[in-house]
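S.K.: I'd like to ask some things about the structure below.
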Amino acid sequence: MSKAQLWKQRFFYGSTDLAGNLIWQIVGLYLLFYYTTVMGISPAFVGTLFFVVRIIDAFDGVVYGFLIDHTHSKYGKARPYFLWFGIPLGILTMLLFFNPSFGGSKFFQLAWISLVYTLFSLVYSGANTPITAILPSLTKDPDERTNLASARMVMTNIGTAVIGAISLPMVAKLGGKNAEKGWMIWGIIIGLAIIILFFGAFANLREKDDIVDQSADAPEIKGHLSIGESLKGAAKNKPWVILSLSFILLQTFWVIRMQTAVYYLTYVYRRADLVGAFNGLVIVAVIGNISIPFLSKFMKHRNVMILSMAVFAIGEAIMHFKSIPLLFAGNIIALIAMGAAFSISFVMIADTVEYARSEMHIDEPGILSSVPMVGAKLGMGFGGLVSGWLLSWGGFQASAKIQGAKALTAISTSFVWLPIVLALLILVILFFFYQLDEDEIASAKALETEKLDDEDA
């Protein structure tokens, strides 16, 4: 593949997660804030809604993964899902911020919000599960997979930075004093962008069929398993199980942090004017993204993740001190660490897919690649529940410009201390229990490729 083709593939692969994260970041950063302060809905209801929906659809990523493993089309296994679910995701993004008054009926308003949010969450999984599932099929070169994962996260963080930095100013510009109108127009713009990006990925990415070929004397690779067999195989894949738990914890503390950032600056620092600049700093996570191809040459993937969690915890702790320079410095450190953490986590998922093939002789990339979606859903559910309930416990009042001491404690706990605790828990889990050696897996893959090349010759 020429350099131009490689960069084209990296761009359009990255555009899939850019599309998904345009709305994911709005939901993570602002949906709780939008529902509680613009729509006037109680934080306890919103937190419970987030949690209940996560229970309903927590494992739909596994279902989509199973469907991907059993999809046969002229477009491939994973690629069609960018079209089938990318367009509906764009439409539901628009509906998230279109909330009719229903003649002032609170019941129907809450029912509408609950329905749209549930449908959005289900469709989001269908559009995003194939992003990870398709990675092993785009290239058999482990270094290029790392480059693709880094490209994915670079574009993700570009989109995240844009959303974090300009969403509130755009809402104010588009809606004037009518925040509800501003959010509605902004939702339409983001929805259209999502549709265009997913369609572009569908039109330009190609799955390589020869990647799953095997040599004549190699053990039979089992594919097209039943969902029961797939789940049993996944449960026996110990590195995958450990990574799954770690990813759920990662997404949980990240969602909690995202949802309470606007509260932390608005009420703890009383600097709502800094929210855009603070959230926009996520662009520095690109530094962490692009460091992964370099770090992975000198460190095992597990150790890169452990280092990332330690650095993140340090950055979070720095933000506890009431100082604007330290607030921004700590945020930069934490975001760079998270850029590295998310990038390496997707590479580690591809490692577990290869482990299943080489050590367990099972080919189930869809099921195993559902980890990010399951983790994201459970993380958002637990994160939303904890954030909403902590705000209610603290006596948060949306109408109050100055919150009580208990509410400020709840906000600080959500934004600073819970993420630190969970990050350190991930560090301990990976250090003691994750034993996959990606170098051995890569060597086995190289030998398999050599055998295939010899047979073809």
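The values are calculated or read from the model by the stated rules, or taken from the named source; none is laboratory data. As the structure is a prediction and not an experimental result, all values here were calculated from the model. Glycine gets a Cβ as well: all are built from the backbone with ideal geometry, and neighbour counts include every protein chain shown. Side chains are part of the model used for accessible areas, which takes the heavy atoms of the whole protein and leaves out ligands, DNA and RNA. Shrake-Rupley method; radii C 1.70, N 1.55, O 1.52, S 1.80 Å.
S.K.: If you go through segment 140-148 one residue at a time, do you hit one that is of a type in the set (A, V, I, L, M, F, W, C), open to solvent by 30 Å² or more (accessible area, probe 1.4 Å) and in a helix (DSSP H, G or I)?
M.R.: Within segment 140-148, the subset of a type in the set (A, V, I, L, M, F, W, C) is 148.
From the residues that got through so far, the ones that are open to solvent by 30 Å² or more (accessible area, probe 1.4 Å) too are none.
For segment 140-148, residues of a type in the set (A, V, I, L, M, F, W, C), open to solvent by 30 Å² or more (accessible area, probe 1.4 Å) and in a helix (DSSP H, G or I): absent.
S.K.: I'm checking my understanding of the structure. Among residues of segment 265-275 that are buried (at least 19 other Cβ atoms within 10 Å of the Cβ) and of a type outside the set (Phe, Trp, Tyr), which one is farthest from the chain's Cα centre (by Cα)?
M.R.: Here is the first cut: in segment 265-275, the residues buried (at least 19 other Cβ atoms within 10 Å of the Cβ) are 265-268, 275.
Now drop any that are not of a type outside the set (Phe, Trp, Tyr), which leaves 265-266, 268, 275.
On the way: LEU265: 23, THR266: 25, VAL268: 27, VAL275: 21 Å.
Here the answer is VAL268.
S.K.: Just the residues that are at pLDDT below 90, open to solvent by 50 Å² or more (accessible area, probe 1.4 Å) and either farther than 30 Å from GLY228 by Cβ or part of a helix (DSSP H, G or I) (or both), please, taken from segment 64-100.
M.R.: LEU67
S.K.: On to the next question. Using beta carbons and a limit of 8 Å, which pairs, at least six apart or on different chains, have the first residue in segment 383-403 and without any contact (Cβ under 8 Å) to a residue 60 or more places away in the chain and the second one of a type outside the set (S, T, N, Q) and open to solvent by 50 Å² or more (accessible area, probe 1.4 Å)?
M.R.: Close Cβ pairs (under 8 Å, with a partner that is of a type outside the set (S, T, N, Q) and open to solvent by 50 Å² or more (accessible area, probe 1.4 Å)) amount to TRP393/LYS406; GLY394/LYS406; GLY395/LYS406.
S.K.: Search segment 310-319 for residues being closer than 14 Å to GLY288 by Cα and without any contact (Cβ under 8 Å) to a residue 40 or more places away in the chain, and hand back the single one that is surrounded by the fewest Cβ atoms within 10 Å (Cβ to Cβ). Reasoning before the result, please.
M.R.: Let us first name the residues in segment 310-319 that are closer than 14 Å to GLY288 by Cα, namely 310-312, 315.
Subset that is without any contact (Cβ under 8 Å) to a residue 40 or more places away in the chain: 311, 315.
Details: VAL311: 19, GLY315: 21.
Among those residues, the one meeting the criterion is VAL311.
S.K.: Moving to a separate point now. What number of residues within segment 1-28 satisfy the criterion of being aliphatic (A, V, I, L, M) and within 13 Å of the chain's Cα centre (by Cα)?
M.R.: The initial filter retains those residues of segment 1-28 that are aliphatic (A, V, I, L, M), namely 1, 4, 6, 18-19, 22-23, 26-27.
Those left that are additionally within 13 Å of the chain's Cα centre (by Cα): 18-19, 22-23, 26-27.
Final tally of qualifying residues: 6.
S.K.: State all residues of segment 37-49 that are buried (at least 22 other Cβ atoms within 10 Å of the Cβ) and of a type in the set (Val, Ile, Thr); if no residue qualifies, say none.
M.R.: Across segment 37-49, the qualifying residue is only VAL46.
S.K.: I would also like to ask the following. Return the residue satisfying two criteria in turn: it lies in segment 129-139 and is among the polar types (S, T, N, Q) and open to solvent by less than 10 Å² (accessible area, probe 1.4 Å), and of such residues it is farthest from ILE189 (Cα to Cα). So that I can check it myself, show each step before the final result.
M.R.: Step one: list which residues in segment 129-139 are among the polar types (S, T, N, Q), which gives 129, 132, 137, 139.
Restricting the remaining residues to those that are open to solvent by less than 10 Å² (accessible area, probe 1.4 Å) gives 129, 132.
Values: THR129: 24, THR132: 26 Å.
If we take residues in segment 129-139 being among the polar types (S, T, N, Q) and open to solvent by less than 10 Å² (accessible area, probe 1.4 Å), then THR132 is farthest from ILE189 (Cα to Cα).
Condition check ((1) more than 22 Å from the chain's Cα centre (by Cα); (2) modelled with pLDDT under 85; (3) of a type in the set (Gly, Ala, Ser); (4) under 22 Å from THR93 (Cβ atoms)) across all residues:
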residue	(1), (2), (3), (4)
PRO130	no, no, no, yes
LEU138	no, no, no, no
ALA149	no, yes, yes, no
ARG152	no, no, no, yes
VAL171	yes, no, no, yes
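S.K.: Quick check on segment 8-22. Is at least one of its residues in contact (Cβ under 8 Å) with a residue 24 or more places away in the chain and surrounded by fewer than 18 Cβ atoms within 10 Å (Cβ to Cβ)?
M.R.: Looking for residues that are in contact (Cβ under 8 Å) with a residue 24 or more places away in the chain and surrounded by fewer than 18 Cβ atoms within 10 Å (Cβ to Cβ), one finds at least one in segment 8-22, hence yes.
S.K.: Something else: If you check LEU243, LEU307, LEU231, which single one turns out to be at pLDDT below 90, open to solvent by 10 Å² or more (accessible area, probe 1.4 Å), of a type in the set (A, V, I, L, M) and assigned to a helix (DSSP H, G or I)?
M.R.: Numbers: LEU243 fails: open to solvent by 10 Å² or more (accessible area, probe 1.4 Å); LEU307 fails: at pLDDT below 90.
The conditions single out LEU231.
S.K.: Continuing with the same structure: For residues that are of a type in the set (A, V, I, L, M, F, W, C) and not in a helix (DSSP H, G or I), scanning just segment 377-418, find the one that is surrounded by the fewest Cβ atoms within 10 Å (Cβ to Cβ). Even if it seems obvious, please write down each step before you answer.
M.R.: Pass one, segment 377-418, residues of a type in the set (A, V, I, L, M, F, W, C): 378, 380, 382, 385-386, 389-391, 393, 396, 398, 400, 402, 405, 407-408, 410-411, 415-418.
Now narrow it down to the ones that are not in a helix (DSSP H, G or I): 396, 398, 400, 402.
Numbers: PHE396: 23, ALA398: 16, ALA400: 11, ILE402: 9.
For segment 377-418, the residue satisfying everything is ILE402.
S.K.: From the list ILE163, ILE194, which one is of a type in the set (Val, Ile, Thr), buried (at least 19 other Cβ atoms within 10 Å of the Cβ), under 16 Å from GLY20 (Cβ atoms) and at pLDDT below 95? Give the derivation first.
M.R.: Numbers: ILE194 fails: at pLDDT below 95.
Result: ILE163 is the single residue among ILE163, ILE194 that is of a type in the set (Val, Ile, Thr), buried (at least 19 other Cβ atoms within 10 Å of the Cβ), under 16 Å from GLY20 (Cβ atoms) and at pLDDT below 95.
S.K.: Is it the case that some residue within segment 36-52 is closer than 27 Å to THR139 by Cα, in contact with a Pro (Cβ under 8 Å, 6 or more places away or on another chain), among the β-branched types (Val, Ile, Thr) and touching a residue at least 12 places away in the same chain (Cβ under 8 Å)? Break it down stepwise before answering.
M.R.: Kept after step one, since they are closer than 27 Å to THR139 by Cα, are these residues of segment 36-52: none.
No, segment 36-52 has no match at all.
S.K.: Moving on to the next point. So if I check each of ILE367, ILE362, ILE332, which one is modelled with pLDDT of 90 or more and touching a helix residue (DSSP H, G or I) at 6+ places or on another chain (Cβ under 9 Å)?
M.R.: On the way: ILE367 fails: modelled with pLDDT of 90 or more; ILE362 fails: modelled with pLDDT of 90 or more.
Just a single option satisfies the conditions, and that option is ILE332.
S.K.: For segment 50-59, which residues satisfy the criterion of being open to solvent by 20 Å² or more (accessible area, probe 1.4 Å) and either basic (Lys, Arg) or part of a helix (DSSP H, G or I) (or both)?
M.R.: We begin by selecting, within segment 50-59, every residue open to solvent by 20 Å² or more (accessible area, probe 1.4 Å); these are 51-52, 55-56, 59.
Result: PHE51, VAL52, ILE55, ILE56.
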